[in-house]
Amino acid sequence: MWAWETIIMMLAVGYLTGLIAGIFGVGGGTILVPLVLWILQMQGLDGIAYAQHLAIGTTFAVMVFTSFSSMYSQHKKQAVDWEILKSMIPGTLLGVAGGAVVAQYLPKTGLQIFFTVFIFILAVRALMGVKPKPSRQLPGKKGLFGIGGLFGVLSSWIGIGGGSLTVPYLTFCNVPVHRAVGTSAALGWPIAVAGAIGYWLAGLNAEGLPESASGFIYLPAVLVLAFATIIAAPTGVKLSHKLPADKLKKGFGLLLLLIAVRMAWKIIA
């Protein structure tokens, strides 16, 4: 039985995650994974062999609901470019699947250091208000398919959500920032679904999992966190569309900076 203090903390952090997802078009995994690990610790489950797998699988399952809520709200605001998504989604899903297969053979620490620096550079550019050349445009369908595949691979290797890469790329190609955020939010939903299914299947035969887990998904945490994020995401979308474009870009830059700091802390720790 969970203590009320634990439930209140989960609802509060879940609500914050939903707000951030709605405002910036990201999934919120950077916040949710440590939170789920803390929840497992509070339940005395942090010592099990698959605690990290449970945290990631549970986060993907929560993001299914968070991303859908955010995507639907962005769609109502007419901020989702479905033509871009039609080209990027197949490549992204293939990239996630392919990246997961080869991830075990790669020097993970080296990749984490490289992408921490890369995300930090993106953050600094956004905070400084660096603007792309006016002539720069999105590539064609094949190019977007390839970019989606690249983002899927990188997401599976490094453990960062696609929104952290999609929004900077789209704005780099002169897509208006509110439309970039809305499109990124919609792209996050199929990634979350694929991730949740993958972790659920991978954990079906795992031993030592808590009774309330299905595969690598801790169902009680999904129930509470999804409830909070579904409520908060539409509010975040409304706030996003009230922000001027330059403020939204700088806010996203700050979010990227926090992600880079967290990635650096994980490497050091």
Accessible area of Lys86, 1.4 Å probe, to the nearest 10 Å²?
140
What full-extension length gain, to one decimal in nm, is calculated for Leu219 and Ile113 as 0.36 nm per residue of separation minus the Cα-Cα distance?
34.9 nm
In what sequence, largest accessible area first, do Tyr218, Tyr15 appear using a 1.4 Å probe?
Tyr15, Tyr218
Between Gln43 and Lys86, what is the label-to-label distance in nm when each label sits 7 Å out along the Cα-to-Cβ direction?
4.2
Angle, helix 82-102 long axis vs. longest principal axis of the chain, Cα atoms, 0 to 90°, nearest 10?
50
Residue-normalised value, i.e. accessible area per residue, for segment 1-80 at 1.4 Å probe, in Å², stands at 45
Between Ile7 and Ile267, what length comes free when the chain is fully extended (0.36 nm per residue of separation minus the Cα-Cα distance, one decimal in nm)?
90.6 nm
The chain, Gaussian network, Cα under 10 Å: of Gln43, Gln52, Gln112, the residue fluctuating most is Gln43
Relative contact order (percent) for the chain, with alpha-carbon contacts under 8 angstrom and 6 or more residues of separation?
38
Given the protein chains as shown and a 1.4 Å probe, how many square angstrom of Lys250 are accessible, to the nearest 10?
100
Segment 115-156 - accessible surface per residue (Å², probe 1.4 Å):
60
Flagged links, alpha-carbon separation over 24 Å, of Lys86/Lys131; Lys142/Lys247; Lys77/Lys247; Lys242/Lys266; Lys133/Lys266
Lys86/Lys131; Lys142/Lys247; Lys242/Lys266; Lys133/Lys266
For the chain, the charge dipole (Cβ of Lys, Arg +1; Cβ of Asp, Glu -1; about the Cα centre) points to a positive end, and the Cα of Gly44, Leu122, Ile230 closest to that extreme belongs to Leu122
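Run the accessible area of the chain with a 1.4 Å probe and give the carbon-and-sulfur part as a rounded percent. Present the calculation step by step, with values, prior to reporting the outcome.
Working: 9170 of 13310 Å².
Of all accessible area on the chain, carbon and sulfur atoms account for 69 percent.
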Rank by packing, highest mean first: peptides 252-263, 224-235, with packing defined as the count of other Cβ atoms within 10 Å averaged across residues.
224-235, 252-263
Per residue, in Å², the accessible surface of segment 192-269 once ligands and nucleic acids are set aside, probe 1.4 Å
54
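Shape of the chain from its Cα gyration tensor (a ≥ b ≥ c, root eigenvalues): rounded if a/c is under 1.5, otherwise prolate when a/b > b/c, or oblate?
Values: a/c = 1.67, a/b = 1.41, b/c = 1.19.
Because a/c hits 1.5 or more and a/b exceeds b/c, the chain counts as prolate.
The values are calculated or read from the model by the stated rules, or taken from the named source; none is laboratory data. Worth saying up front: this structure is predicted, and the values here are computed from it rather than measured. Here the Cβ is made from the backbone with ideal geometry for all residues, glycine too, and neighbour counts use every protein chain on show. Side chains included, ligands, DNA and RNA excluded: accessible areas come from the protein's heavy atoms. Shrake-Rupley method; radii C 1.70, N 1.55, O 1.52, S 1.80 Å.
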